[in-house]
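Each remark here refers to the structure printed beneath this line.
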Amino acid sequence: MDRKPYKTPFRKNSVTKFVCPTCTKGNLKVKENSFLYQETRSSRLAHSHDAWDPDWIDYVYSCLFECTNSACKEVVSSTGTGFVDQDFYYDENGNPDVNYDDYFRPVYFEPHLCFFSIPKATPDSVTDEVNTSFSLIFSDPASSSNHVRIALEHLLTFLKIKRFNTKNGKRLYLNLHQRIDLLPQKYDHVKDLFFAVKWLGNAGSHSGQEVTIDDVFDSYELLSEILSEVFENKRESAKSLAKRINKKKGPK
Ligand SMILES: [Zn+2]
């Protein structure tokens, strides 16, 4: 997945590289006449300051995006913030000059964007948490990351990894690390990925540690690999088995 478009501010008339969450084929383009933006109050008040400069400007925006795939044309609403940035260039006489342009960063999308495709066989308990994470990535990366961790807990439960030991009639809950350690041998090749998601999710659940959008994208890369190993690998190995049998035209 190319994460760059989601970290780069967009201009209001451009086709973005945000992938349509419905068809996953088209990109999102701002729908004509739907883009509204204004300077915030504090930004307006700052104009009277002696040292004021255009790059002090702060905006809020709202708009509708439309999918560029003509067979889809999904509409997605979005709100977010904006700013002014300088563009340095050389004029026709070779003299340096500066242009100011407005740029915008999304905070919310409805429906939310999707950052990897979740295998169909994934249980709802995991899928729901991943979707919640997708919806929060721009507004609250720490919380978004925490939902990936919860998805992992649900995945372990689905894989029948126990959640607690019982001692003297009392439940002693296992932490995520202990549960990952209980994964059966057939998941040995993805155990490291489980642990890596756990570390990233830990940062999201404990205050004081800043979680960036990049950290969340890292956990998406790991989790999507885990899900495809757990829920699609069977199909892959069946495919390669079929291939071998077909090649030999008989039992392997
Ligand atoms: Zn679409």
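Just so it is clear, none of the values below were taken in a lab; they were calculated from the coordinates. Source: prediction; values computed, not measured. With ideal geometry, Cβ positions are generated from the backbone for all residues, glycine too; neighbour counts draw on all protein chains shown.
A few comments on the model shown:
- Sorting E153, E74 by the number of Cβ atoms found within 10 Å of their own Cβ, with the fewest placed first, yields E74, E153.
- Using θ = phi - 60° in the Karplus curve 6.51 cos²θ - 1.76 cosθ + 1.60, the 3J(HN,Hα) couplings for the range 89-99 round to 8, 10, 7, 4, 8, x, 8, x, 9, 9, 10 Hz; x is entered for Gly and Pro.
- Evaluated at q = 0.14 Å⁻¹, a Debye calculation over the C-alpha positions of the chain (equal weights, vacuum) places log10 I(q)/I(0) at -1.03.
- Ascending count of other beta-carbon atoms within 10 Å, so fewest first, for F115, F134: F115, F134
- Listed residue (Y100, F88, S144) projecting farthest to the positive dipole end of the chain, Cβ model: S144
- Counting beta carbons within 10 Å around each of H189, H154 and listing the fewest first gives the order H189, H154.
- Computed from backbone phi, the HN-Hα couplings of the range 9-14 come to x, 10, 9, 5, 9, 8 Hz, rounded to whole numbers (Karplus: 6.51 cos²θ - 1.76 cosθ + 1.60, θ = phi - 60°; Gly and Pro given as x).
- Residues with amide H under 5 Å from that of K73, placed H, sequence gap 5 or more: C67
- Dipole moment magnitude, nearest 20 debye, the range 1-114 about Cα centre, only Lys, Arg, Asp, Glu C-beta charged: 820 debye
- Dividing the summed helix terms, -39500 (n - 2.57) for each DSSP H run of n ≥ 4, by the number of residues in the chain produces a 222 nm estimate of -12000 deg cm²/dmol to the nearest 500.
- Residues in the range 107-112 carry Karplus couplings, in order, of 10, 9, 10, 9, x, 5 Hz; the curve used is 6.51 cos²θ - 1.76 cosθ + 1.60 with θ = phi - 60°, and Gly or Pro positions show x.
- Taking a sphere under 13 Å around the Cβ of S224 and counting the other residues whose Cβ falls inside, with K and R at +1 and D and E at -1, yields a net charge of -4.
- Three-way shape label, the range 118-252, alpha-carbon gyration tensor, a/c 1.5: oblate
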